[in-house]
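The values are calculated or read from the model by the stated rules, or taken from the named source; none is laboratory data. Since the structure is predicted, the reported quantities are computational estimates derived from the model, not experimental observations. Positions of Cβ are generated from backbone atoms using ideal geometry, with glycine treated the same way; all protein chains shown enter the neighbour counts. Please note that ligands, DNA and RNA were not included when accessible areas were found on the heavy atoms of the full protein model with its side chains. Shrake-Rupley method; radii C 1.70, N 1.55, O 1.52, S 1.80 Å.
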Amino acid sequence: MSEPTPAPLARAQDEVAELLSDLIRIDTTNTGDTATGKGERAAAEWVAGKLDEVGIGSVVHESERGRASLVARIPGADRTRPALLVHGHLDVVPADPAEWSVHPFSGEERDGYVWGRGAVDMKDMDAMVLALVRDWARTGTRPPRDVVLAFVADEEAGGRLGARFLVDEHPDLFEGCTEAISEVGGFSITVRDDLRLYLVQTAEKGLAWMRLTAGGRPGHGSFVHDDNAVTRLCQAVARLGAHRFPTVLTPPMRQFLAAVEDAYGIEIDPDEPEQALARLGSISRMIGAALRNTVNPTMLEAGYKANVIPGTASATVDGRFLYGQEEEFERQLAGLVGEGVQRDWIVHDQAVETTFDGPLVEQMAAALVAEDDGARPVPFTMSGGTDAKSFERLGMRCFGFSPLRLPPDLDFASLFHGIDERVPVESLRFGVRVLDRFLRAA
Ligand SMILES: [Zn+2]
């Protein structure tokens, strides 16, 4: 008697949580400093091993010692078609075990969730992709077009030693890739029992991290003194910190707000959209920040003694600008910073945006609806940055599409870089099914 044919994707759905747990246990904390970061090489080798088990070859590339990224190419059925890139980072931000309910690198499965640093950002997607391609390899499934897999280092520190390194030094690895999917998108917001918005990222803001430096006349702290670097700097910092930039509705956010209006049967004031967005729950913080340029002062440095007026004072400011707003943002900045304060970029990287249309977007939508008949996919702009900034340089359209159907009451936004980061096992299984449908149709 022959064995009964297993349900499609049975093994992938069974092993996805375990793969995620295993990956979380490899501590890949990225401190931004190669000397204190760890685990990326071990994680890349672990992924290579999991691919090798099912006969998928891959190559590990190091930018610096230990800063490893891995790339594999699964040949498609029609090799004349352009390739699709599926990328995910293997590094995570630090986590302090004292603050957590479980050890952040335990990968523990409890109450239907996999817990640990990276569970949503973004070892979940890494594990879903791995589980899927392992299943394909075992069952002889071929995607219609080449699928390039990239599991990369250093995203959490800007990607210079991961995605940016690969794009600059080994662009041939991505030969033929016209589109890419990765993190921060594809998750659900529950409107009601039979309606969930699935937020697909089609754009992300640009980065403008800057150092402000003010000079002045040094002197004794007891004197009358009208040329104080600390005062001058603080005035500029306070102006920046208190400023509220005007709302700018970019195409994805216009579409997003229209979808929210429709789903909730409300009207949103385009000048003050935040109030209406509050009903989306905590995710509104992430969304709200994509409706305008922002700046937040984050670090200050000046002086060495209570009674000595220093000759210089400096501050670090985190600025983010919308797609198409780079020049306007600089003009706004110059006005706010004012005279006598020098401004230098620490990190400056472009905003990216693509349109929410075309066959690939249709396949995303179809895959979501096939697995959740209450799904309504909508585009949105991410307020943070991802490796899309690097891959976009090779001419790819980049999407955030790591599909997860989430429980209505889960505060998903707070889990990114948050305490008790965790992901429902059911959501991972859902993600595997959606990715399978999507990648087999794409
Ligand atoms: Zn991430």
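What the table below lists for this structure:
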read-out: Cα gyration tensor category, rounded, prolate or oblate, for the range 170-227 with a/c compared to 1.5; value: oblate
read-out: Whole-angstrom Cα spans of the range 184-315 along principal axes, big to small; value: 69, 26, 24
read-out: GNM top mover of L161, L404, L336 - the chain, alpha-carbon springs below 10 Å; value: L336
read-out: Of D409, D372, D226, the one that fluctuates the most in a GNM where the chain has Cα springs shorter than 10 Å; value: D226
read-out: Table column - 3J(HN,Hα) (Hz), the range 165-174, Karplus curve with 6.51, -1.76, 1.60, x for Gly and Pro; value: 4, 5, 5, 6, 9, 9, x, 4, 4, 10
read-out: Inter-centroid distance (Cα atoms) of the range 255-325 relative to the range 345-388, Å; value: 20
read-out: Accessible solvent surface per residue of the chain, calculated while the other protein chains remain in place, 1.4 angstrom probe, Å²; value: 43
read-out: Full-extension gain in nm, V224 to A242, via 0.36 nm per residue minus C-alpha separation; value: 3.6 nm
read-out: Förster radius 22 Å - calculated FRET efficiency between D411 and I268 (Cβ-Cβ, nearest 0.05); value: 0.45
read-out: Along each principal axis, Cα extent of the range 232-301, largest first, Å; value: 48, 21, 17
read-out: Test item: Cα-centred dipole of the range 229-281, Lys/Arg +1 and Asp/Glu -1 on Cβ, debye; value: 500
read-out: nm² value of the averaged projected area, convex hull over the Cα atoms of the chain; value: 24.2
read-out: Phi-based couplings in Hz for the range 139-156 (Karplus 6.51, -1.76, 1.60; Gly and Pro marked x); value: 9, x, 7, 10, x, x, 10, 4, 10, 9, 9, 10, 10, 10, 8, 6, 4, 5
read-out: Nearest 10 degrees, 0 to 90: helix 10-25 Cα axis against the chain principal axis; value: 30
read-out: For the chain, built as a Gaussian network whose Cα springs stay under 10 Å, the top-fluctuating residue of F223, F174, F399; value: F223
read-out: Computed over the chain: relative contact order in percent, which uses C-alpha pairs under 8 Å that are six or more apart; value: 24
read-out: Environment charge of F416, counting only residues whose C-beta is closer than 10 Å and scoring Lys/Arg +1, Asp/Glu -1; value: -3
read-out: Those lysines that a straight Cα-Cα span of less than 29 Å connects to K205, excepting residues fewer than 8 apart in one chain; value: K38, K123, K389
read-out: Heavy-atom accessible surface of the chain: percent carbon and sulfur, 1.4 Å; value: 48
read-out: Mean separation of Cα contacts under 8 Å (6+ apart) over length of the range 71-149, as relative contact order %; value: 58
read-out: Rounded to 10°, Cα long-axis angle of helix 40-52 versus longest principal axis of the chain; value: 20
read-out: Cα gyration tensor category, rounded, prolate or oblate, for the range 98-177 with a/c compared to 1.5; value: oblate
read-out: ³J(HN,Hα), Karplus 6.51/-1.76/1.60, whole Hz, each residue of the range 254-264, x for Gly, Pro; value: 4, 5, 5, 5, 4, 5, 5, 4, 5, 5, 9
read-out: Extension gain (nm, one decimal) between A42 and A258, 0.36 nm per residue minus Cα-Cα; value: 73.3 nm
read-out: Whole-percent pair-distance distribution, where bins are 10 Å wide, for the alpha carbons of the range 1-132; value: 12, 37, 32, 15, 4, 1
read-out: Computed label-point distance, nm, for sites D96 and R393 using a 7 Å Cα→Cβ extension; value: 3.5
read-out: Tilt relative to the chain, helix 359-371 - C-alpha long axis, 0 to 90 degrees, to 10; value: 70
read-out: GluC sites (Glu not before Pro) lying in DSSP loop within the range 86-186, provided at most 14 other Cβ fall within 10 Å; value: E175
read-out: Dipole magnitude of the chain about its Cα centre (Cβ charges: Lys, Arg +1; Asp, Glu -1), debye to nearest 20; value: 520
read-out: Ordering of 380-393, 66-79 by burial proxy (mean other Cβ atoms within 10 Å per residue, highest first); value: 380-393, 66-79
read-out: Surrounding net charge for L173, when Lys and Arg each add one and Asp and Glu each subtract one, Cβ distance under 12 Å; value: -4
read-out: Calculated FRET efficiency for the pair L300/E426, C-beta based, R₀ 51 Å, to 0.05; value: 0.70
read-out: Approximate spin-label separation D194-D373, in nm, with each point projected 7 Å along Cα-to-Cβ; value: 0.9
read-out: Within the chain, helix-based [θ] at 222 nm, where runs of 4 or more DSSP H residues each add -39,500 (n - 2.57), nearest 500; value: -9500 deg cm²/dmol
read-out: Most to least packed among 260-270, 229-239 [average Cβ atoms within 10 Å]; value: 229-239, 260-270
read-out: Distance from the range 115-176 to the range 33-110 (C-alpha centre basis), Å; value: 7
